[in-house]
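Here the structure comes first, spelled out in structure tokens, and everything after it is commentary.
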Amino acid sequence: MTDFTLWDIARNLLLALRWTVLLSLVSFVGGGLVGLLILFARIARPRALRVAAKLYIELFQGTPLLMQLFLAFFGFGLFGVSVPAWLAAGIALILWAAAFLGEIWRGCVEAIARGQWEASASLGMSRFEQMRHVILPQALKIAVPPTVGFSVQVVKGTALTSIIGFVELTKAGTIVTNATFQPFTVYGLVALFYFALCWPLSLTSQALERKLNVSHSHY
Amino acid sequence: MSLIAITDVHKRFGENEVLKGIDLDIAKGEVIAIIGKSGSGKSTLLRCINGLETIDSGSILVGGVQLSSEEKQLRDLRQKVGMIFQQFNLFPHLSAGRNVMLAQTVVKKTPKAEARKIAEEMLDKVGLAHRFDALPDELSGGQQQRVAIARALAMKPAALLCDEITSALDPELVAEVLQVVRRLAEDGMTLITVTHEMNFAREVCSRVVFMHLGRVHEIGPPAEVFGAPKTPELRQFLGVN
Amino acid sequence: MTYTFNFDWIAQYWPVIVKGILITLELTFVGGVVGILLGILCAFVKLYGAAPLRFVVGAYVELIRNTPFLVQLFFIFFGLPALGVRLGELEAANIAMVVNLGAYACEIIRAGIQATPKGQFEAGVSLAMTRLETFRHVVLVPSLQRIWPALSSQLVIVMLGSAVVSQIAAEDLTYAANFIQSRTFRAFEAYFVSTLIYLVLAIVLRQAMAGLGVLIFPRRSSR
Ligand SMILES: Nc1ncnc2c1ncn2[C@@H]1O[C@H](COP(=O)(O)OP(=O)(O)OP(=O)(O)O)[C@@H](O)[C@H]1O
Ligand SMILES: [Mg+2]
């Protein structure tokens with residue numbers, strides 16, 4: 001058995017970390033785009049759209065992300081296509097993130113005072129114009145901290161893709177452990193790397209939140 | 001022909017019938033004060049005229065056009081009838097000037113430069129030309145309410161609805177807002193104001209409407225309504241015996 | 001689509017599923033009860049503890065909230081034996097869930113306590129209650145009531161997150177699904193059924209927490 005230095009371990013983990021970062025970015029951005037659709041459906045006039053969006057959110061928030069990954073992974077098999085793990089992982093994470101972001105943003109839109117809707121309506125604006133010029137610009141501002149906060153969940157969520165065989169940080173940890181027989185060191189490092197990714201995001205989210213509260217306190 | 005014709009309007013919220021058959025004709029250039037106890041339906045009536053609430057039966061005509069719940073028509077109506085709210089409801093993310101410009105450019109498609117000119121004009125009218133770039137939360141309550149008035153005026157409405165527009169203001173700021181409204185009245189603007197400022201109603205208004213339990217209980221020129229109230233309810237409301 | 005769904009295996013394998021459900025529920029119950037107690041303790045330390053203790057709790061909370069549950073689980077199950085701590089898979093799963101929920105609960109409860117108006121505490125002390133009595137009756141209970149919905153949501157998240165304990169061979173609902181698909185090669189159906197069961201569990205758990213909230217907290221008179 002060869003001896004592995006700490007650097008050997010760290011280097012291999014860092015290489016895999018790139019995939020964690022990439023998958024996180026894709027999931028977050030893709031989830032954001034789909035999440036916007038969910039948001040608009042959730043606050044649309046037609047009841048059917050609202051109900052459909054609510055069901056979508058309930059479904060994705062009420063079931064384990066791991067199951068969603070499995071279903072995406074094996075679901076393609078039903079159509080006779082076999083997809084690589086990264087694709088199934090990306091699709092599942094995007095759909096999952098969209099549900100959470102859509103719901104977070106709906107909360108932000110609903111936090112805008114009723115008076116803003118009424119004032120803009122009384123000026124003759126259409127619903128789209130109200131949304132575009134009055135409601136969304138304000139909702140966007142309060143949406144930033146929780147959205148940044150959710151990015152932490154996305155990064156952590158990517159760890160589950162190791163289970164369907166995508167080689168990112170966690171999977172690399174398992175592989176390296178099997179080669180080195182040093183689980184304590186390896187998983188400790190894996191945790192530290194995740195922490196290094198997530199903690200700055202958490203801190204940013206909290207700082208933005210505080211800033212927002214200060215600027216709103218004199219209302 | 002009257003500018004606003006309200007005929008037998010009924011409105012209920014669930015079990016609670018708030019408007020029980022309102023009839024009211026308002027001519028161009030009239031200044032109407034609506035007074036009455038809390039819960040008598042004053043705000044609801046104003047909100048119906050602006051289409052913020054839909055009516056259950058009866059009809060409201062503005063400039064001869066029937067108020068309907070059809071989106072396009074409603075928007076046309078709202079350009080003719082502006083509304084000022086108790087809580088100002090300025091758009092907090094836009095400067096005072098941009099508040100006044102927004103609906104012009106978005107709804108009326110007025111070119112930016114022209115909208116800006118009108119905004120400056122309107123802010124000047126309410127004595128705030130120098131605060132064009134101020135954000136709402138940099139303004140006092142009285143100033144915010146004056147911007148809200150300028151914002152409504154910029155749409156060139158035929159009438160303005162004011163719902164207790166001084167009630168959220170500190171006492172020392174009430175006068176500056178009432179002064180602006182007074183000047184609008186002198187300029188011939190049609191005004192319908194819900195107010196608790198009895199002196200204002202007495203001095204400025206052409207007619208006073210006393211609402212009670214969802215009905216127009218008494219109506220007449222201020223001298224009559226305040227000087228010789230006919231019904232015990234109005235006498236009690238005014239505190240005279 | 002040429003694929004034909006086949007759910008015949010349910011007749012044979014339902015006991016495996018039931019066992020999995022029970023283990024998932026057991027994990028959630030222990031994680032919930034002990035995790036919330038741990039959260040209360042940590043919140044108390046973080047608010048009123050000595051500086052070094054506050055630091056330790058703060059580090060614990062940040063570490064847990066900024067790393068994946070799966071990695072925490074692996075660290076506890078595979079890593080700790082290096083320190084001579086050998087755990088069974090269920091024990092490891094239980095500990096991981098308690099530790100995980102504890103950190104989130106700590107933050108939720110702390111925020112709830114901090115939202116209690118200062119006057120409340122002063123009023124309690126002025127009525128000759130001790131600080132601890134005041135904390136328990138005047139601060140903690142109303143705070144818990146206030147954050148009960150957030151705590152409930154977090155518990156649901158932890159329950160759904162527990163699906164990964166199958167990765168250390170703890171025989172929960174996901175483990176059952178894995179087992180069934182490896183025997184029947186009906187992967188999609190097996191995961192589909194278990195997903196639905198998780199959905200039902202999540203809904204039931206949310207309702208149960210709401211019911212529990214009504215039971216343990218004095219009725220709100222308004223709103
Ligand atoms: N959106 C609503 N839903 C249900 N009930 C409402 C609604 N808006 C108003 N009401 C009810 O209608 C009645 C009349 O309300 P309205 O606001 O018109 O009274 P008001 O005369 O303006 O009173 P105030 O002087 O307090 O402003 C009240 O009983 C109120 O509770
Ligand atoms: Mg009112």
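Summed over the stretch A:12-28, residues that are surrounded by 12 or more Cβ atoms within 10 Å (Cβ to Cβ) and free of Cβ contacts under 8 Å to residues at least 40 places away in the same chain total 2. Among the criteria (1) at pLDDT below 90; (2) out of contact with any helix residue (DSSP H, G or I) (no Cβ under 7 Å at 6 or more places or on another chain); (3) within 14 Å of chain A (Cβ to nearest Cβ), the one B:Gly64 does not fulfil is (3).
Entry remark, the stretch B:155-196: residues being surrounded by fewer than 17 Cβ atoms within 10 Å (Cβ to Cβ) and within 16 Å of ligand 1 (Cβ to nearest atom) number 3 in total. Scan the stretch B:91-98 and tell me whether some residue there is within 8 Å of chain A (Cβ to nearest Cβ), in a loop (DSSP other than H, G, I, E, B) and within 16 Å of ligand 1 (Cβ to nearest atom). No, that holds for no residue.
Quick test for you: out of A:Ile91, A:Ile104, pick the one residue that is over 30 Å from B:Ser68 (Cβ atoms), crowded, with 16+ Cβ neighbours inside 10 Å and in contact with a Pro (Cβ under 8 Å, 6 or more places away or on another chain). Show your work before the answer.
On the way: A:Ile91 fails: in contact with a Pro (Cβ under 8 Å, 6 or more places away or on another chain).
Among A:Ile91, A:Ile104, only A:Ile104 is over 30 Å from B:Ser68 (Cβ atoms), crowded, with 16+ Cβ neighbours inside 10 Å and in contact with a Pro (Cβ under 8 Å, 6 or more places away or on another chain).
Here the stretch A:45-91 is the region considered, the condition is being within 8 Å of another protein chain (Cβ to nearest Cβ) and aliphatic (A, V, I, L, M), and the residue that is nearest to A:Ser162 (Cα to Cα) is A:Leu66. Only one entry in C:Val156, C:Val139 is in a helix (DSSP H, G or I) and either more than 13 Å from every other protein chain (Cβ to nearest Cβ) or among the charged types (D, E, K, R) (or both), namely C:Val139.
Of all residues in the stretch B:12-26, those satisfying the criterion of being free of Cβ contacts under 8 Å to residues at least 60 places away in the same chain and either surrounded by 16 or more Cβ atoms within 10 Å (Cβ to Cβ) or assigned to a loop (DSSP other than H, G, I, E, B) (or both) are B:Gly14, B:Glu15.
Look at the stretch A:178-208 and say how many of its residues are more than 22 Å from C:Tyr60 (Cα to Cα) and either more than 9 Å from chain C (Cβ to nearest Cβ) or aliphatic (A, V, I, L, M) (or both).
Of the residues in that region, 5 qualify.
The lone criterion from (1) out of contact with any Ser or Thr (no Cβ under 6 Å at 6 or more places or on another chain); (2) at pLDDT 95 or above left unmet by B:Ala115 is number (1).
Of all the criteria given as (1) over 25 Å from B:Glu197 (Cα atoms); (2) in contact (Cβ under 8 Å) with a residue 24 or more places away in the chain, the one not satisfied by B:Ala158 is (1). A:Lys156 falls short on exactly one of the conditions (1) touching a residue at least 40 places away in the same chain (Cβ under 8 Å); (2) more than 9 Å from every other protein chain (Cβ to nearest Cβ); (3) not hydroxyl-bearing (Ser, Thr, Tyr), and that condition is (2).
On inspection, B:Ile34 does not qualify as β-branched (Val, Ile, Thr), open to solvent by less than 60 Å² (accessible area, probe 1.4 Å) and either closer than 22 Å to B:Gln73 by Cα or more than 9 Å from ligand 1 (Cβ to nearest atom) (or both). Of all residues in the stretch A:125-142, those satisfying the criterion of being open to solvent by 10 Å² or more (accessible area, probe 1.4 Å), within 22 Å of the chain's Cα centre (by Cα) and of a type in the set (A, V, I, L, M) are A:Leu136, A:Leu140, A:Ile142. When B:Cys48 is tested against (1) within 30 Å of B:His130 (Cβ to Cβ); (2) within 16 Å of ligand 2 (Cβ to nearest atom); (3) of a type outside the set (Lys, Arg), just one condition goes unmet, and that condition is (1).
Okay, residues lined up against (1) over 20 Å from the mean Cα position of the chain (by Cα); (2) surrounded by fewer than 19 Cβ atoms within 10 Å (Cβ to Cβ):
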| site | (1), (2) |
| --- | --- |
| B:Asp76 | no, yes |
| B:Val81 | no, no |
| B:Phe91 | no, no |
| B:Ala113 | yes, yes |
| B:Met122 | no, no |
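Do the conditions hold for A:Leu212, that is, is it open to solvent by 40 Å² or more (accessible area, probe 1.4 Å), away from chain C (no Cβ under 12 Å) and in contact (Cβ under 8 Å) with a residue 24 or more places away in the chain? The answer is no for A:Leu212.
Okay, residues lined up against (1) under 30 Å from B:Phe91 (Cα atoms); (2) away from chain C (no Cβ under 14 Å):
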{"position": "A:Trp7", "(1), (2)": "no, yes"}
{"position": "A:Arg11", "(1), (2)": "no, yes"}
{"position": "A:Leu39", "(1), (2)": "yes, yes"}
{"position": "A:Ile94", "(1), (2)": "no, yes"}
{"position": "A:Phe100", "(1), (2)": "yes, no"}
{"position": "A:Gly107", "(1), (2)": "yes, no"}
{"position": "A:Gly115", "(1), (2)": "yes, yes"}
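Scanning the stretch B:192-241 for residues being polar (S, T, N, Q) and farther than 21 Å from B:Lys28 by Cβ gives a total of 4. Restricting attention to the stretch B:4-31 and to residues that are of a type in the set (Asp, Glu) and away from ligand 1 (no atom under 13 Å from the Cβ), the residue that is farthest from B:Ala201 (Cα to Cα) turns out to be B:Asp8.
Among the residues of the stretch B:37-69, the ones that are open to solvent by 40 Å² or more (accessible area, probe 1.4 Å), near ligand 1 (Cβ under 9 Å from one of its atoms) and touching a Ser or Thr at 6+ places or on another chain (Cβ under 9 Å) come to 0 in all. Residues of the stretch C:79-93 that are touching a residue at least 24 places away in the same chain (Cβ under 8 Å) and surrounded by fewer than 21 Cβ atoms within 10 Å (Cβ to Cβ): C:Glu89, C:Leu90.
Yes/no matrix, rows are residues, columns are (1) open to solvent by 30 Å² or more (accessible area, probe 1.4 Å); (2) away from chain A (no Cβ under 14 Å); (3) of a type in the set (Phe, Trp, Tyr):
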| position | (1), (2), (3) |
| --- | --- |
| C:Phe29 | yes, yes, yes |
| C:Gly35 | no, yes, no |
| C:Glu107 | no, no, no |
| C:Ala111 | yes, no, no |
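For B:Glu203, the criteria (1) surrounded by 14 or more Cβ atoms within 10 Å (Cβ to Cβ); (2) within 21 Å of the chain's Cα centre (by Cα) hold in every case but one, which is (1).
If I go through the stretch A:139-164 residue by residue, how many of them are modelled with pLDDT under 95 and touching a Pro at 6+ places or on another chain (Cβ under 9 Å)? Looking only at that region, the number is 0.
Inspect all residues belonging to the stretch B:70-83 and state whether any of them is on the phi < 0 side of the Ramachandran plot, within 15 Å of ligand 1 (Cβ to nearest atom) and facing chain A (nearest Cβ under 9 Å). Yes, the stretch B:70-83 has at least one match.
The values are calculated or read from the model by the stated rules, or taken from the named source; none is laboratory data. These numbers were taken from a predicted model, which means no experiment stands behind them. For neighbour counting, all protein chains shown are included, and Cβ atoms are generated from backbone atoms with ideal geometry for every residue, glycine included. Calculation scope for accessible area: heavy atoms of the full protein, side chains included, ligands and nucleic acids excluded. Shrake-Rupley method; radii C 1.70, N 1.55, O 1.52, S 1.80 Å.
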